[in-house]
Amino acid sequence: MMHKPIRRDSLLERAAQAYDFSAALRQRAPVPDLPEPAVAAPRPIAVAPIPAPAPAPSPVVEDDWIAAAPEADPTFLAIPPELRAPVGQELPQSFYDTPELTDIAGIDRGMLAEAGMIVPGAPVGPLAEEFRLIKRQLLITRERVAQTGQRDKARTALVCSARPGDGKTFCAVNLALSLAAERDTEVLLVDADFAKPDVLVQLGLAEQPGLLDALADSRIDVESLVIRTDVGGLSILPAGTKTATDTELLASARTRVVLARLLEANPRRIVIFDSPPALAASPAAVLAMLVGQVMLIVRADHTPESELREAVQRLDGCDEIALVLNAVSFVPGGHRYGTYYGQEAGK
């Protein structure tokens, strides 16, 4: 059985990466001796002709011997049954394909704690309970949008603010961490604040290519840029390489293709965009037209009402806009969402 040279190299490389043949090779039976070429016997005079012997078999190469007697070859037995090829047939293409990367990035939980964010696996506190309430409203709105026939759009949301310093990234990260705890959903947090990306920094992750790279180059599969984390159900898509044409890239038809790919890759996925402030950069208004809902972060005693109204107008490409009040000061002893979890037992 002949193999193209490139196929032989790919097979050996793939097999070396996927299987440990060392034990099998130590037990392997030697390749049988090649048969000696048969020579026709001389024909005696006055004797009836002797039938010519069968032609000698062609030289046997190692690969052919394995295919001819797979049950006797330990190397063949080391390959899982689902990847063994029937005699005379090639291995399935999946054996030659490059295996999917399974690298998992570790979230820096110490940094989350220092920043006052939700820490996965920690006891439920006031902040975690407050974001439970916020995400419940998001999930309710998702169902309402889905009932209008926009099921894919219902799985997308934008976290935005009117101006810098309102805490939109803080809220986006905490919302994503809270959603990741849901049993039936997974969340992809996309850093779409291209001018000042901060999601990876908040999570203690290194900068990598991301959304802008996939938008700029149609040959890049955006799903290959998604960072899987050690927080179950949470993935991150970085902002990517900065460019002066970020708004134009977002407004292109390529963006819808990329977003469709992200949704198709995981039917359980909810995509959360952390966008720049609506009044500080134009990408927020473009993203608002692509998502099913917007969560507009309003910082207490910081965001003027006039700027809030202007931000809502710029985000009117989305029909579902909800306000989230951030950094609220409470009177000691006053009621607050989540304070129940901070009380001592029996009180």
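For the peptides 251-260, 152-161, residues were scored by their other Cβ atoms within 10 Å and the scores averaged per peptide; the highest-first order is 152-161, 251-260. Full extension of the chain segment joining Gln150 with Asp217 gains 21.4 nm, where the gain is 0.36 nm per residue of separation less the Cα-Cα distance. Peptide packing for 168-174, 299-305, 134-140 was compared via the average number of neighbouring C-beta atoms within 10 Å per residue; ordered from the highest value, the list is 168-174, 134-140, 299-305. Per residue, the range 217-274 exposes 46 Å² of solvent-accessible protein surface, assessed with a 1.4 angstrom probe and all protein chains in place. A simple rule links phi to the HN-Hα coupling: the Karplus curve 6.51 cos²θ - 1.76 cosθ + 1.60 with θ = phi - 60°, which for the range 207-220 gives 5, 8, x, x, 4, 4, 5, 5, 6, 7, 10, 5, 7, 8 Hz, with x for Gly and Pro. Around Leu215, under 10 Å between beta carbons, what's the net of Lys plus Arg minus Asp minus Glu among the other residues? Summing Lys/Arg as +1 and Asp/Glu as -1 gives -3. Put simply, the amide H of Ile270, placed in the peptide plane, has neighbours under 5 Å in Glu186, Val187, Leu188, leaving out anything fewer than 5 places away on its chain.
Legend: calculated FRET efficiency, Thr241 to Arg309, from the Cβ-Cβ distance at R0 = 35 Å, rounded to 0.05, equals 0.50.
Be a star and scan the range 176-198 for residues whose amide nitrogen sits under 14 Å from the point 7 Å along the Cα-to-Cβ vector of Val257. Within reach of a label on Val257, which here means backbone N under 14 Å from a point 7 Å along Cα→Cβ, the range 176-198 contributes nothing. Take the alpha carbon gyration tensor of the range 99-172, find the square roots of its eigenvalues, order them as a ≥ b ≥ c, and report rounded if a/c is under 1.5; if not, report prolate when a/b exceeds b/c, else oblate. The shape class here is oblate. For Ala260, what charge total do you get from the other residues with a beta carbon under 13 Å from its beta carbon, if Lys and Arg give +1 and Asp and Glu give -1? Neighbourhood net charge equals +3. Highest mean packing comes first when the peptides 110-122, 274-286 are listed by Cβ atoms within 10 Å, giving 274-286, 110-122.
The values are calculated or read from the model by the stated rules, or taken from the named source; none is laboratory data. Quick caveat: nothing in here was measured; it's all calculated off a predicted structure. A quick note on method: Cβ atoms are made from the backbone with ideal geometry, for glycine too, and the neighbour counts reach across all protein chains shown. The area values use the complete protein model at the heavy-atom level, side chains included, leaving out ligands, DNA and RNA. Shrake-Rupley method; radii C 1.70, N 1.55, O 1.52, S 1.80 Å.
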